[in-house]
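Trainee: Have a look at this one.
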Amino acid sequence: MNIMKPVVSLDLPMGDDWAYEIKYDGFRSVLKWTKQDISLLSKNNHDLTDKFPEIVDYCRANTPNVSAILPLTLDGELVILNHLYQANFSLIQSRAKSGKINKAAQFIAFDLLLQGEKSLRNKTYNERRQQLEALFKRLFDNPFSPLRLIHTFSHADEAQHVVFTNKSEGIIAKRKSSLYRSGKTHRDWIKVKNWRVIKGCLTAYNEKNGYFSVYVYDDDQLIYIGKCKHGLHDEEADILRQFFRKYGEKSGSIFYMPPAICALIHTLDLHGDELREPQFVRLLPEIEPKTCTIEQLKQDMAMFPTRISFTNLKKAYWQKVTKLDFLIYIREISPYMLPFLKNKAVTLIRSPDGIFGEHFYQKHVPSYAPPFIHDLTNDERIRCDDLTALLWYANHGAIEYHLPFQTVEANAPDEMVFDLDPPDREHFYLAVRAARLIKQMLDHFQLHAFVKTSGNKGIQIHIPIPEGSLSYQETSVFTKAVALTVEKQYPNLFTTERFIHKRERRLYLDYVQHGKNKTIIAPYSPRRTNEASVATPLFWEELTESFKPEQMTLKHVLERVKIKGCPFMTYHIVRDKQPLNQLLKMIRH
């Protein structure tokens, strides 16, 4: 297929002549769209159309909106997203092989090659981009549509910040004046990968395929993490091969050696026991093999900000969960969690010695915080607006993150929340029943609602609303009316009684908690429970009476969100589209 391919580089070009796009880890594809047919073709010209019906269906539904400019040929990437700036290659690969729909796919368009029978290949990148943007104005487009326009950055540092924060695959810089040329015979599209840099011991060489086996230490045990072949200069690679042949013990085509040689390696990820696209950077004769540890590997793969000095990483924060495990969770979950923390005054619960030690609340920036923490706030209230701030507080023992219902500049809420509090975990089924009843009422008002576990024994229902659309007094009228209605329907199961001793083992419908200067646990925040549980966003269909909230632990939630996606993914899009007419009519009349 005659597509333009980026040229790999270690250096990102700078300047006003360049535009910058996120590189997604998926299948490079071409979408051909006519009035009669829609097809998806891989860069190797394999037909993928039948494997991705959601994209075809979306195009068919939008054909009337673009019929005047058909046919179209779009260049882009087929992906299944973890989040807005990171794709999941293993899921898209599995979909392409099996055709089984495990999670919705997207076609992220970054170029327009044909429009209305006219080739655009001899147009500049800027000209093609303008026509591509005009095309997407005709579509029902949002960041999570099956067909999506890639975002472009004008400044390299902005793109680099997004890529680092979200652990994206990399950046593609595109010369604005460039034409669309097939292949790599150009210097107009430059790809810079977002490498993880790791250290490992080389203990085996397979002369049949040329790969070296890479290991790290877990205490005194060697753990295999993958194999590597490319990256060394010819002379250095030949010396390494000869060393294994001379000093290694041969078995079949493999030469084995005790750990003696270490290497610095670039990799994009680590799946199971396979490094993703590994490349040698250089050999490390100066370091001891014992320094290549599983703990150091975890840190290197996490890509922590260098401005923070992380300490006491082996300290137990929960049973079988170390501080390092906790920090890795915060780093990995941050793309999902930060949108909820941004522009909010955060109340922390800090447990510097884990859940086994003392804990305390903190609302204001500590005096010893570095300037980059103080710079985020004008009034010394704690802000976790970016990855570095979030991890700085986590490194200082901030386990729980509680949020108010308004932004720092506002006096009115930007969400309504129902807190459903059963007497204990054995009565979690009551929270499920109450949530379903409230959901029915919210559906009546055509309100989009999102549900999550509290991370302990309850459930919380969030309804995003446009900031300033309702006052706290108005939202309290609505939340109180809903709570009292549920209580009246099932007085033996639910109560609005604030005093615990008067609740008589009923579930507490806490509508009072939704108020100015009060807080709720943030989505994806860990909790100080024995299981290291998490306040976990759920899909409504998951909410059954057999659901076990204690299963939503740090480890489980990270795997879950990659496989199932984030149930709160559209939360901030829905906010400005909430139909409030019926609600306002009920409150004000």
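Trainee: Across all directions of projection, what mean area in square nanometres is found for the Cα convex hull of segment 196-300? Each step should come with its number before you reach the end.
Mentor: Working: hull surface 24.9 nm².
The orientation-averaged projected area of the Cα hull of segment 196-300 comes to 6.2 nm².
Trainee: Ordered by residue, what ³J(HN,Hα) values in Hz, to whole numbers, does segment 12-28 give under the Karplus form 6.51 cos²θ - 1.76 cosθ + 1.60, where θ = phi - 60° and Gly and Pro are x?
Mentor: 8, x, 10, x, 6, 7, 10, 10, 10, 10, 6, 8, 9, 8, x, 10, 5
Trainee: Compute the long axis of helix 125-136 from its Cα atoms, compare it with the longest principal axis of the Cα atoms of the chain, and write down the angle in degrees, 0 to 90, nearest 10.
Mentor: Tilt of helix 125-136: around 30 degrees.
Trainee: Percent relative contact order of the chain, based on C-alpha pairs within less than 8 angstrom and at least six residues apart? Write out the running numbers ahead of the final one.
Mentor: Values: 1188 pairs, mean separation 64.2, N = 589.
Across the chain, relative contact order equals 11 percent.
Trainee: Another one. Among all stretches of the chain without exposed GluC sites (Glu not before Pro) (DSSP loop, at most 10 other Cβ atoms within 10 Å), which one is longest? Provide the component values of the computation, followed by the final result.
Mentor: Numbers: sites that count: 117, 286, 358, 409, 504.
In the chain, the maximal stretch lacking such sites is 118-285.
Trainee: Then there's this: Mind checking the full-extension length gain between residue 277 and residue 34? Use 0.36 nm per residue of separation minus the Cα-Cα distance, one decimal, nm. Please list the in-between numbers first.
Mentor: Values: separation 243, 0.36 × 243 = 87.48 nm, distance 3.67 nm.
Difference between extended and current length: 83.8 nm.
Trainee: Under 15 Å from the 7 Å Cα→Cβ point of residue 1, by amide nitrogen: which residues of segment 106-138?
Mentor: 106-114
Trainee: Once the whole set of protein chains is in place, how much accessible area is left on residue 323, using a 1.4 Å probe, in Å² to the nearest 10?
Mentor: 10
Trainee: Please give the length that would be gained between residue 572 and residue 124 if that part of the chain were fully extended, namely 0.36 nm times their separation in residues minus their C-alpha to C-alpha distance (nm, one decimal). Could the numbers behind the result be given before it?
Mentor: On the way: separation 448, 0.36 × 448 = 161.28 nm, distance 3.48 nm.
Fully extending the segment from residue 572 to residue 124 adds 157.8 nm.
Trainee: Further question: Over the heavy atoms of residue 238, what accessible area does a 1.4 Å probe trace out, to the nearest 10 Å²?
Mentor: 70
Trainee: Under a straight-distance cross-link criterion of Cα-Cα below 15 Å, which aspartates and glutamates are reachable from residue 5, leaving out those fewer than 8 residues away in the same chain?
Mentor: Within the straight-line limit of under 15 Å, residue 5 reaches these aspartates and glutamates: 21, 25, 75, 77, 111, 188.
Trainee: Let me ask something else about it. Assign unit charges at the C-beta atoms only (+1 for Lys and Arg, -1 for Asp and Glu), then state the dipole size of segment 316-404 relative to its Cα centre in Debye, rounded to the nearest 20.
Mentor: Working: 9 positive and 10 negative charges, 25 e Å.
Roughly 120 debye, rounded to the nearest 20.
Trainee: Using heavy-atom solvent-accessible surface (probe 1.4 Å) with all chains present, what is the largest-first order of 273, 111? Each step should come with its number before you reach the end.
Mentor: Details: 273 75, 111 5 Å².
Descending accessible area places them as 273, 111.
Trainee: For a quick check of your reading of the filter: which chymotrypsin sites (Phe, Trp or Tyr not before Pro) in segment 99-170 sit in a DSSP loop and have no more than 16 other Cβ atoms within 10 Å? Write down the numbers at each step before the final one.
Mentor: Working: sites: 107, 110, 125, 136, 140, 144, 153, 164; in loops: 140, 144.
Hits after loop and neighbour filter: 140, 144.
Trainee: Give the dimensionless ratio obtained when the Cα radius of gyration of segment 199-250 is divided by 2.2 N^0.38 Å. Kindly include the intermediate steps, with their values, before the conclusion.
Mentor: Details: Rg = 11.5 Å, N = 52, 2.2 N^0.38 = 9.9 Å.
Taking the Cα Rg and dividing by 2.2 N^0.38 Å, one obtains 1.17.
Trainee: Count neighbours as other Cβ atoms within 10 Å of each site's Cβ, and list the chymotrypsin sites (Phe, Trp or Tyr not before Pro) in segment 467-500 that are DSSP loop with at most 12 such neighbours. Write down the numbers at each step before the final one.
Mentor: On the way: sites: 472, 478, 494, 499; in loops: 499.
When the chymotrypsin sites (Phe, Trp or Tyr not before Pro) of segment 467-500 are filtered for loop state and at most 12 Cβ neighbours within 10 Å, 499 remain.
Trainee: For segment 479-589, give the magnitude of the charge dipole about the Cα centre (Cβ charges: +1 Lys/Arg, -1 Asp/Glu; no others), in debye to the nearest 20. The partial results should precede the final answer.
Mentor: Working: 20 positive and 11 negative charges, 88 e Å.
Dipole magnitude for segment 479-589 comes out near 420 debye.
Trainee: Among 232, 285, 217, whose Cα sits farthest toward the positive end of the charge dipole of segment 196-300 (+1 at Cβ of Lys/Arg, -1 at Cβ of Asp/Glu, about the Cα centre)?
Mentor: Sorting the options by dipole projection puts first 232.
Trainee: Compute the label zone of residue 426 within segment 505-549: residues whose backbone N is under 20 Å from the point 7 Å along Cα-to-Cβ.
Mentor: Taking a point 7 Å out along Cα→Cβ of residue 426, the residues of segment 505-549 whose backbone N falls under 20 Å are 505-508, 530-531, 545-549.
Trainee: With the contact rule set at Cα under 8 Å and sequence spacing of 6 or more, what percent relative contact order holds for segment 198-257? Walk me through the numbers before you get to the answer.
Mentor: Numbers: 81 pairs, mean separation 20.5, N = 60.
Relative contact order here is 34 percent.
Trainee: Okay, next question. Setting aside same-chain residues fewer than 8 positions from residue 315, which aspartates and glutamates have a Cα under 14 Å from its Cα?
Mentor: Within reach: 295, 325, 353.
Trainee: Roughly how large, in nm² to one decimal, is the mean projection of the convex hull of the alpha-carbon atoms in segment 445-496? Don't jump to the answer; show the numbers that get you there.
Mentor: Details: hull surface 18.9 nm².
Directional mean of the projected Cα hull area for segment 445-496 stands at 4.7 nm².
Trainee: Assigning unit charges at the beta carbon (Lys, Arg +1; Asp, Glu -1) and nothing else, what dipole magnitude in debye, to the nearest 20, does the chain show about its Cα centre? All intermediate terms of the calculation are to be shown ahead of the outcome.
Mentor: On the way: 80 positive and 69 negative charges, 200 e Å.
Using Cβ point charges on Lys, Arg, Asp and Glu, the chain gives about 960 debye.
Trainee: Calculate, axis by axis, the spread of Cα positions in segment 121-265 along the three principal axes, and write the results as whole Å, longest axis first.
Mentor: Each principal axis gives a Cα extent; for segment 121-265 these are 65, 36, 28 Å.
Trainee: Report ³J(HN,Hα) in whole Hz for each residue of segment 225-230, in order, from the Karplus equation J = 6.51 cos²θ - 1.76 cosθ + 1.60 where θ = phi - 60°; Gly and Pro get x.
Mentor: 10, x, 9, 9, 9, 9
Trainee: Relative to the present Cα-Cα distance, how much length would full extension add between residue 286 and residue 70 at 0.36 nm per residue of separation? Could the numbers behind the result be given before it?
Mentor: Working: separation 216, 0.36 × 216 = 77.76 nm, distance 6.16 nm.
That works out to 71.6 nm of additional length.
Trainee: Let me ask you something else. Check which residues have an amide H placed less than 5 Å from residue 260's amide H, if you skip close sequence neighbours.
Mentor: 202
Trainee: Whole-Hz ³J(HN,Hα) for each residue in segment 337-349, computed from phi via Karplus 6.51 cos²θ - 1.76 cosθ + 1.60 with θ = phi - 60°, x for glycine and proline: what do you get?
Mentor: 8, 4, x, 7, 7, 4, 6, 10, 7, 9, 9, 9, 10
Trainee: How many lysine pairs are close in segment 196-300, with Cα atoms under 13 Å apart and the two 8 or more places apart or on different chains?
Mentor: Details: 199/227; 199/290; 199/298; 208/229; 208/250.
Taking the Cα cut-off of 13 Å, the pair count is 5.
Trainee: Please compute the Cα-Cα pair-distance distribution of the chain with 10 Å bins starting at 0, giving whole percents from short to long.
Mentor: With 10 Å bins starting at 0, P(r) equals 3, 14, 22, 24, 20, 12, 4, 1, 0.
Trainee: Taking the 0 to 90 degree range and rounding to the nearest ten, how far is the long axis of helix 53-66 tilted relative to the main principal axis of the chain, both from C-alpha atoms?
Mentor: Rounded to the nearest ten degrees, it is 80.
Trainee: Another question, if that's okay. Note down, for segment 316-404, the three equivalent ellipsoid semi-axes (square root of 5 times each alpha carbon gyration tensor eigenvalue), biggest first, whole angstrom.
Mentor: Numbers: eigenvalues 86, 44, 25 Å².
Each semi-axis is the square root of five times an eigenvalue, giving 21, 15, 11 Å.
Trainee: Tell me the mean residue ellipticity at 222 nm calculated for the chain from its helices only (DSSP H runs of n ≥ 4, each -39500 (n - 2.57), averaged over every residue, nearest 500). Kindly include the intermediate steps, with their values, before the conclusion.
Mentor: Details: 14 runs with 161 residues, N = 589.
My calculation for the chain gives -8500 deg cm²/dmol from helical runs alone.
Trainee: With all protein chains present and a 1.4 Å probe, how do 300, 218 order by accessible area, largest first?
Mentor: Largest accessible area first, the residues go 218, 300.
Trainee: On C-alpha positions alone, give me the angle between the axis of helix 234-247 and the longest principal axis of the chain, in degrees, nearest 10.
Mentor: Computed tilt is about 90 degrees.
Trainee: Just how much of residue 98 is accessible, in Å², when a 1.4 Å probe is used and the result is rounded to the nearest 10?
Mentor: Accessible area, nearest 10 Å²: 80 Å².
Trainee: Here's a follow-up. Give, in whole angstrom and from largest to smallest, the semi-axes √(5λ) of the equivalent ellipsoid of segment 94-184, with λ running over the eigenvalues of the Cα gyration tensor. Walk me through the intermediate numbers first.
Mentor: On the way: eigenvalues 114, 83, 42 Å².
The answer is 24, 20, 15 Å, longest axis first.
Trainee: While we're on this one: Could you work out the relative contact order of segment 387-528, using alpha carbon pairs under 8 angstrom and six or more residues apart, expressed as a whole percent?
Mentor: Numbers: 226 pairs, mean separation 52.5, N = 142.
Averaging sequence separation for qualifying contacts and normalising by length gives 37 percent for segment 387-528.
The values are calculated or read from the model by the stated rules, or taken from the named source; none is laboratory data. It should be emphasised that the depicted structure is a prediction, and the values quoted were computed from it without experimental measurement. Cβ atoms come from the backbone with ideal geometry, glycine included; neighbour counts cover every protein chain shown. Protein only, heavy atoms only, side chains kept; ligands, DNA and RNA dropped before computing areas. Shrake-Rupley method; radii C 1.70, N 1.55, O 1.52, S 1.80 Å.
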